[in-house]
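Student: Structure in structure tokens, see below.
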């Protein structure tokens with residue numbers, strides 16, 4: 001059962017996924033299909049895994065799902081880096097700064113969950 005309290009990482013990853021969808025559509029309109037597809041898959045998967053972690057069966061399951069989200073975030077950061085450094089791609093500065101913030105938050109949540117796991 002999900003908690004109705006404000007959850008920053010759930011909100012951030014949902015909003016990020018919506019921004020990624022728009023950016024992927026822009027890339028497709030410019031015929032950048034391969035990167036668009038990769039970015040769409042990785043960028044929307046982050047939020048899906050964070051959301052799934054909210055219903056984890058155990059702390060270990062929660063950490064595992066957030067680690068998957070973190071891996072997807074790293075992959076997304078890679079695709080955005082390629083876009084940012086390719087001359088014929090549109091600007092994605094705001095997406096890059098947002099994914100870096102998401103990665104930091106995920107890392108902190110994972111680290112504190114591991115500490116809490118060791119000290120119940």
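Student: Looking only at the range 6-17, count how many residues are in a helix (DSSP H, G or I), in contact with a helix residue (DSSP H, G or I) (Cβ under 9 Å, 6 or more places away or on another chain) and surrounded by fewer than 16 Cβ atoms within 10 Å (Cβ to Cβ).
Tutor: So the count comes out to 2.
Student: So, of the residues in the range 50-68 that are under 12 Å from residue 109 (Cα atoms) and without any contact (Cβ under 8 Å) to a residue 40 or more places away in the chain, which turns out to be surrounded by the most Cβ atoms within 10 Å (Cβ to Cβ)?
Tutor: Among residues in the range 50-68 that are under 12 Å from residue 109 (Cα atoms) and without any contact (Cβ under 8 Å) to a residue 40 or more places away in the chain, the one surrounded by the most Cβ atoms within 10 Å (Cβ to Cβ) is 53.
Student: Just for the range 76-104: of the residues that are buried (at least 17 other Cβ atoms within 10 Å of the Cβ) and within 11 Å of the chain's Cα centre (by Cα), which one is nearest to residue 41 (Cα to Cα)?
Tutor: Ranking the qualifying residues of the range 76-104, first place goes to 76.
Student: Looking at this structure, is residue 31 modelled with pLDDT of 95 or more and on the phi > 0 side of the Ramachandran plot?
Tutor: Against the criterion (modelled with pLDDT of 95 or more and on the phi > 0 side of the Ramachandran plot), residue 31 qualifies.
Student: Kindly establish whether residue 21 is under 13 Å from the mean Cα position of the chain (by Cα), closer than 14 Å to residue 95 by Cα and exposed (fewer than 15 other Cβ atoms within 10 Å of the Cβ).
Tutor: yes
The values are calculated or read from the model by the stated rules, or taken from the named source; none is laboratory data. Keep in mind that this is a model prediction, so the values were computed, not measured. Because the Cβ atoms are built from the backbone with ideal geometry, glycine has one as well, and the counts that use them run over all protein chains shown.
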